[in-house]
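The block underneath contains the structure these notes are about, expressed in structure tokens.
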Amino acid sequence: MDLKSEKIERILSKYKFHDVAVAELQKLNNIFPDLNPYTDTYTFNDSSQKELLKLSGVIPVKYDGRSYNFPIQLWLLDSFPFTPPICFLKPTSSMVIREGKHVDAKGRIHLPGLHSWDYPKSSVVGLLTEMITKFEEDPPLSSKTTKDTKDPHELMAFVSNLQINDGGIRHHDQQNIKVSVIGGGDLGMACVMSLLSKCNVDKLVFIDIAESSTKGGSTDLEIFNLPKVQVSRDISASAGSRVIVVTANSWNSEESYIKVVQTNVDLYRGIIPSLVHFSPNTILLIASQPVDIMSHVAWRQSGLPPTRVIGAGCNLDSERLSYVLDINLNTHRPAWVIGELSDNKVPVMSNVGLSSNGELEIAPGSNSTKPLLDRAFELMKNRGQRSWSVGLSVADITNSILTDKMKAHSISTLAQGWGGISVEVFLSLPCIMGANGSTRLAGVLLGPEEDSKLKTSVNSLSTLMSQIRV
């Protein structure tokens, strides 16, 4: 690995931990000599750009007795190695990406080692070792085939996805629609009732967690035997769920706030990995409190891509805001509440009307929209977030996923890289929701007051995450 070229030395000189970064790269070269350094410009999700060092090359992956070279690309942020690399598969023209648990449709690689990165315990060598292991279990690349030269492995994969039912043969894509709700109490019951009313499901599983403080309701559901509802106390009953809604909480009013949150995190540690084990293709929808923190925790514990772990976040406030603007103030433009679910949340408006066919974007902060949004916020005061209203909001998000509606919801999602946010936090942002999960709308320039509130939320959430053991 040649780190002596003028371009590479120039870029590395800007890295905050130059000597440590160089040492890590030299260690990497001893184990993976096929990865070579280059300089290039990386474009973040908010369209901002930065000149960074990237590593390009191949890693050896064994599958079915044969060895394959998988082309990858690692972008090293200027805080490397204290922050993880951004990893991509870079298929050749003869390859196609197989989207799965560890790779999304754009080739972005998501691994547990990336989510739990903690230098010096974590290293690129360890990350690549994990990457090879995961790719050998579930190869994310395959060769492009023509109709005349079908790959037998792909043919077998298609056959394995066929199911036989009373009407003959159907493909796996037409499987029963199953949703699970994890956690009882008022919120769990509200979600069950709202999902039954809003969503076209074939089965709804309600699992009452014994360790959760939000217990109850399961006995009544068993007594009245609602159609399509299965009541269980076994996590395995959730297997094969398209969406899993988690409402479980473990609250104790006698403990400090940080201890209460830690108790909730410990509760999640016992259920989230099991839920993903039984439903590896699910989308996790978190409604436990504090929702931004618990969504972040669930993402870290699940190993799923961030597009498939979301929180109910500010969706309820956003739907109320759009309604007030439309009915009371006659604006007819979608609007969302973004940021932390707290007093620091911020209202924003769409650039297009409800009936427009234009691409949906957040309108930049301006003096013309601020009074309107402030007035709408005033009209929304004192409405609260009761269980039944949160349940309706959860059902609305779930419906967009099940029907691939591609509707914009303000949900708690990984915000890193949006609007200049550099740290790993979850907070509410407008996202297009469909069958494959969430896609964030592009970041915009907010007004000074709104930007200050968002930064305050980022700092408080980041501080709280640093104080808990995930």
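Tell me, in nm to one decimal, what length is gained between GLU222 and SER462 on full extension, where the rule is 0.36 nm per residue of separation less the Cα-Cα distance? Mind showing how you got there, number by number?
Numbers: separation 240, 0.36 × 240 = 86.40 nm, distance 4.16 nm.
Going from the current span to full extension adds 82.2 nm.
If you plug each phi of the stretch 302-314 into the Karplus form 6.51 cos²θ - 1.76 cosθ + 1.60 with θ = phi - 60°, what whole-Hz ³J(HN,Hα) values come out, in order, with x for Gly and Pro?
Values per residue, Gly and Pro as x: 7, x, 7, x, x, 5, 10, 10, 9, x, 4, x, 9 Hz.
Taking 0.36 nm per residue of sequence separation and subtracting the Cα-Cα distance, how much length would be gained by fully extending the chain between ILE132 and LYS106, in nm to one decimal? The partial results should precede the final answer.
Values: separation 26, 0.36 × 26 = 9.36 nm, distance 1.89 nm.
Residue separation times 0.36 nm, minus the Cα-Cα distance, leaves 7.5 nm.
In whole percent, how big is the carbon plus sulfur part of the accessible area of the stretch 224-323, probe 1.4 Å, protein atoms only? Display every interim value, and only then the final one.
Values: 1880 of 3530 Å².
Percent of accessible area from carbon and sulfur atoms in the stretch 224-323: 53.
Cross-link list LYS203/LYS453; LYS90/LYS453; LYS198/LYS345; LYS27/LYS90: which exceed 30 angstrom alpha carbon to alpha carbon? Can you show the working numbers first?
On the way: LYS203/LYS453 42 Å; LYS90/LYS453 38 Å; LYS198/LYS345 27 Å; LYS27/LYS90 23 Å.
The answer is LYS203/LYS453; LYS90/LYS453.
If you take every residue apart from ASP138 with its C-beta less than 9 Å away from the C-beta of ASP138, what net charge results, scoring Lys and Arg +1 and Asp and Glu -1? Intermediate values should be presented prior to the final figure.
Values: positive: ARG98, LYS101, LYS134; negative: GLU136, GLU137.
Taking every other residue near ASP138 into account, the sum is +1.
Determine the relative contact order of the stretch 1-76: mean sequence separation of Cα pairs under 8 Å and six or more apart, normalised by residue count, in whole percent. Provide the component values of the computation, followed by the final result.
Values: 97 pairs, mean separation 18.6, N = 76.
Relative contact order comes out at 25 percent.
Quickly work out the ARG10-to-ILE432 label distance, labels modelled 7 Å from Cα along the C-beta direction, and quote it in nm with one decimal.
Here the modelled spin labels are 3.7 nm apart.
What FRET efficiency comes out for the pair ASP266/GLN26, r = Cβ-Cβ distance, R0 = 51 Å, nearest 0.05? Mind dumping the intermediate values first?
On the way: r = 39 Å, r/R0 = 0.77.
Approximately 0.80, to the nearest 0.05.
With every protein chain in place, what's the accessible area of TRP251 (1.4 Å probe, Å², nearest 10)?
100 Å²
Evaluate E = 1/(1 + (r/R0)^6) for LYS455 and SER389, where r is the Cβ-Cβ distance and R0 equals 41 Å; express this FRET efficiency to the nearest 0.05. The partial results should precede the final answer.
Working: r = 29 Å, r/R0 = 0.70.
With a Förster radius of 41 Å, E is 0.90.
For LEU427, list long-range residues whose amide hydrogen, built 1.01 Å from N in the peptide plane, is under 5 Å from its own amide hydrogen.
HN-HN under 5 Å from LEU427: THR413, ALA415.
Tally Lys and Arg at +1 and Asp and Glu at -1 over the other residues with C-beta under 12 Å from the C-beta of LEU76: what net charge comes out? Provide the component values of the computation, followed by the final result.
On the way: positive: LYS14, LYS16, LYS50, LYS54; negative: GLU24, ASP40, GLU51, ASP78.
With Lys, Arg at +1 and Asp, Glu at -1, the neighbours total 0.
How much FRET efficiency would the formula 1/(1 + (r/R0)^6) give for TYR119 and ASN69, where r is the Cβ-Cβ distance and R0 is 41 Å, rounded to 0.05? The partial results should precede the final answer.
Numbers: r = 28 Å, r/R0 = 0.68.
The computed FRET efficiency comes out at 0.90.
On full extension of the chain, what length is gained from ASN351 through ALA442, given 0.36 nm per residue of separation minus the C-alpha to C-alpha distance? Please report the intermediate quantities before stating the final value.
Details: separation 91, 0.36 × 91 = 32.76 nm, distance 1.20 nm.
Contour length minus the Cα-Cα distance gives 31.6 nm.
For THR41, what accessible surface area do you get with a 1.4 Å probe? Give it in Å², rounded to 10.
70 Å²
Excluding GLN230 itself, calculate the net charge of residues whose Cβ lies under 14 Å from the Cβ of GLN230, where each Lys or Arg counts +1 and each Asp or Glu counts -1.
Numbers: positive: LYS178, LYS203, LYS228, ARG233; negative: ASP202, ASP208, GLU222, ASP234.
That sum, taken over residues with Cβ under 14 Å, equals 0.
The values are calculated or read from the model by the stated rules, or taken from the named source; none is laboratory data. Because the structure is predicted, anything quoted here is derived from the model rather than measured. Methodologically, a virtual Cβ is constructed for each residue, glycine included, from the backbone with ideal geometry; neighbour enumeration extends over all protein chains shown. With ligands, DNA and RNA removed, areas are computed over all heavy atoms of the protein, side chains included. Shrake-Rupley method; radii C 1.70, N 1.55, O 1.52, S 1.80 Å.
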